[in-house]
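The structure appears below as structure tokens.
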Amino acid sequence: MAAVASCGSGAGSTGSAVATASKSNVTSFQKRGPRASGTNDSGPRLVSIAGTRPSVRNGQLLVSTGLPALDQLLGGGLAIGTVLLIEEDKYNIYSPLLFKCFLAEGIVNGHTLLVASAKEDPANILQELPAPLLDDNSKKEFDEDVYNHKTPESNIKMKIAWRYQLLPKMEQIGPVSSRFGHYYDASKRIPQELIEASNWHGFFLPEKISSTLKVEPCSLTPGYIKLLQFIQNIISEEGFDGSNPQKKQRNVLRIGIQNLGSPLWGDDICCAENVSNSHSLTKFLYVLRGLLRTSLSACIITMPTHLIQNKAIIARVTNLSDIVIGLESFIGSERETNPLYKDYHGLIHIRQIPRLNNLICDESDVKDLAFKLKRKLFTIERLHLPPDLSDTVSRSSKQDLAESTKRLGPGCGMMAGGKKHLDF
């Protein structure tokens, strides 16, 4: 009887029923975003891990590469589950620094590291990581290194009032205390306490492969097989793939592979153009991407692509990588003595940007990029060349052009009358 009475009680009872239903959250119209009051919702949320942030474009979880300028070029950072391939410079001077900044960023944020190398012991690589520039400790050193080219007038303190001297200047961009991205001092080494407190795994190829190893017929080299098994075991045992839920807070695995594809790994793609086992490297990258796509991990690889003679292999490696960055050093080239490039140490080429949830990859808007290693910092800037000709030089060049066209005769550059020249 109570139910019948409530149904026929008119508009007032109907309004009270709607109000009661809205209080009990039984309506189908619910707000999915976070509540303004900050109350806890039972809906799904993004994974909150130190040193990560979601992409503003597609919501993909990102980690920093250790270089804020490179993070900006990649759309905010390196996406989880992707491979960053760095084409080494000719003398392998600057690419190890990018490799070490990526590892140092993982130690600062408490991420798990996996360092693989066939040339150098991973323990020695960690000892050579650059020191992070934190807010209070190294801000003065950072400002001195970045703004040492400014005029003395720009460094004079404000004399308006003594209290204004403590206010930060808006044009300065120093290291900010945040969860994402840090600056690193290349002249100093990371504190030993941070290395001892970190969780890292090393893969040194000479220690993993003995001389008495029985090589089974396979398309992959023994070094690649051992490395894939090592990576798979770490991902599975520590629960980065989600199959074994971690008891502690979820973390990110940073994988760094140095000099992949070199003869030290047992690969012969750098020795000749036509090799017998040319698909070993590409198959390794194919399996590695499968491991990364199903785990909370990101990988950086340095590769001496300038030694690979077969261009088809380079094309396959590029297609199997998510991000490809090439470093071109000026050492040993004509640009080293060219005054136009005196402020830079080399060029950086963004060859491929990840195509996440897309059929095609995005193209970088900035094409001309250069890098330079200062006293402490590795910076990436847009290449700005000085103008070749000033007003006076342009006038003289026009006169030279007129004289040269007169010498060429009426067939090359002369007008019909023979008294005028083509002026562009």
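The values are calculated or read from the model by the stated rules, or taken from the named source; none is laboratory data. Note that the structure is predicted; figures quoted are calculated from it, not measured. Cβ: placed from backbone, ideal geometry, glycine included. Neighbour counts: every protein chain shown. Side chains are part of the model used for accessible areas, which takes the heavy atoms of the whole protein and leaves out ligands, DNA and RNA. Shrake-Rupley method; radii C 1.70, N 1.55, O 1.52, S 1.80 Å.
Values computed for the structure shown
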item	result
Neighbourhood net charge (15 Å Cβ-Cβ; Lys/Arg +1, Asp/Glu -1) for Leu307	-4
Order by protection proxy (mean Cβ within 10 Å, highest first), peptides 303-312, 90-99	90-99, 303-312
15 Å beta-carbon shell around Ala118, net charge (K/R +1, D/E -1)	-3
Label-point separation in nm, Lys90 to Lys119, each point 7 Å along Cα→Cβ	1.6 nm
Share of carbon and sulfur in the accessible heavy-atom surface of segment 302-352 [1.4 Å probe, %]	49 percent
Solvent exposure of segment 257-306 as accessible area per residue, Å², 1.4 Å probe	37 Å²
Net charge contributed by nearby residues that have their C-beta within less than 9 Å of Asp322 (K/R +1, D/E -1)	+2
Pairs beyond 23 Å (Cα-Cα), from Lys342/Lys376; Lys119/Lys374; Lys100/Lys311	Lys119/Lys374; Lys100/Lys311
Gain in span if fully extended, His384 to Ala50, counting 0.36 nm per residue against the direct Cα distance	116.6 nm
